[in-house]
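Undergrad: Below you'll find the structure I mean.
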Amino acid sequence: MFVDYHVHSNYSDDSTHEMEDVVKDAIEMGIAEICFTDHVDYGVKPDAHEEVKRYYKGIAVTNVNYPKYFKEISYLQEKYKGQIVIKKGLEFGVQVHTIDKYQTLFERYPMDFVLLSIHQINDQEFWLQEYQKNKTIQEIYDGYYDEMYSVIKNYHHFSCLAHMDLIRRYLEDTTDYYESTKDKIDIILRHCIKHNKGIEINTSHVRYGIDGYTPSLHILKRYHELGGKIITIGSDSHMKSHLGFYVHEAKALLKEIGFEYFCTFDKMKPIFHKL
């Protein structure tokens, strides 16, 4: 079963891939199921109906236009019924001080799947190098995992942790700091397992030139050792060339580690598929 559970469209400010084109491209590639997971990053982005404060490459930097987004997904689900399964999701870039906003958003719109990401801390963006400034690499990692644990302890409406060691993408030294952070990682993984939350294997590591998988092989193996079973596979696609990329290889890796299943979701409940 060929699926992609981390897909962005033109509803994310960092993608111009029209939502219907994503669906057509997925069908052409033989993908059986996709989940749209467009970006929501409260604290650093206003909602689409609010005043725009920043533009990137001529595109307004805002969160998803929720009414249009969910309406279009419903339309495409009906139009392409029988050709592909399309699920409703979002990628929540949660910070501790923005949790209430995500709680309100989750209660407003029914979803199948929610990825939880740590994209910034104290409204300092990773991709702009704001958070990393004047910190050692160890301090960066420690702060990153501390924020992640604080978020998941206090916010529960998510399905999987996205690209769990994402911070590696934004460091010049992409060395895996697993050994010096494994205690913090263990606490997070144990919490997720206890509360029936999963992690994803994110296949974007290839195009970002990261040495190793995202999350790292150490984290994937440890999640399995601890008894973790809920795992999704996503390309983190923002354009056609990203869609479905490296998904088959990721499935083979999971099987090699010892996982028996990967997951899709329906109405926030995991569905297990044999690898």
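The values are calculated or read from the model by the stated rules, or taken from the named source; none is laboratory data. Only a predicted model underlies this, so the values are computations on that prediction, with no experimental measurement involved. Because the Cβ atoms are built from the backbone with ideal geometry, glycine has one as well, and the counts that use them run over all protein chains shown. Just so you know, the surface numbers come from the protein's heavy atoms only, side chains and all, with ligands and any DNA or RNA stripped out. Shrake-Rupley method; radii C 1.70, N 1.55, O 1.52, S 1.80 Å.
Undergrad: Report, in deg cm²/dmol and to the nearest 500, the calculated mean residue ellipticity at 222 nm for the chain, where each DSSP H run with n ≥ 4 adds -39500 (n - 2.57) and the sum is divided by the residue count.
TA: The per-residue figure over the chain is -10500 deg cm²/dmol.
Undergrad: Could you put MET29, MET19, MET268 in order of accessible surface area, largest first, with the 1.4 Å probe and the full protein assembly present?
TA: MET29, MET268, MET19
Undergrad: Starting from the residue with the highest accessible area, list PHE272, PHE106 in decreasing order, probe 1.4 Å.
TA: The ranking, largest first, comes out as PHE272, PHE106.
Undergrad: For region 1-130, what does the accessible surface come to per residue with a 1.4 Å probe? Please give it in Å².
TA: On a per-residue basis, region 1-130 sits at 44 Å².
Undergrad: At a 1.4 Å probe radius, which order do THR175, THR62 fall into by accessible area, largest first?
TA: THR175, THR62
Undergrad: Moving on to the next point. Report in % the part of the accessible area of region 1-146 that belongs to carbon and sulfur, leaving out ligands and nucleic acids; probe 1.4 Å.
TA: Result for region 1-146: 49 percent of the exposed heavy-atom area is carbon or sulfur.
Undergrad: What are the semi-axes of the equivalent ellipsoid of region 1-120, taken as the square roots of 5 times the eigenvalues of the Cα gyration tensor, listed largest first and rounded to whole Å?
TA: Values for region 1-120, descending: 25, 16, 13 Å.
Undergrad: On the full set of protein chains, 1.4 Å probe, figure out the accessible area of ARG108 and give it in Å² to the nearest 10.
TA: 140 Å²
Undergrad: Among the listed pairs LYS194/LYS221; LYS88/LYS255; LYS68/LYS101; LYS197/LYS221, which are separated by more than 24 Å between their Cα atoms?
TA: LYS88/LYS255, as the Cα separations exceed 24 Å there.
Undergrad: Rounded to two decimals, what is Rg over Rh for the chain when you use alpha-carbon atoms and the Kirkwood radius?
TA: Result for the chain is an Rg/Rh of 0.93.
Undergrad: Note down the relative contact order for the chain as a percent, whole number, built from C-alpha pairs under 8 angstrom at least six residues apart.
TA: 20 percent
Undergrad: Tell me, what is the 1.4 Å probe accessible area of VAL247, in Å² to the nearest 10?
TA: Accessible area, nearest 10 Å²: 0 Å².
Undergrad: Also: Hey, got the dipole for region 76-232? About the Cα centre, +1 on K and R Cβ, -1 on D and E Cβ, debye to the nearest 20?
TA: On the way: 20 positive and 22 negative charges, 154 e Å.
Roughly 740 debye for region 76-232.
Undergrad: After finding the eigenvalues of the alpha carbon gyration tensor for region 196-275, what semi-axes result from the square roots of 5 times each, listed largest first in whole Å?
TA: 20, 16, 11
Undergrad: Given a 1.4 angstrom probe, what's the average accessible area per residue across region 131-265, in square angstrom?
TA: Accessible area per residue, region 131-265: 43 Å².
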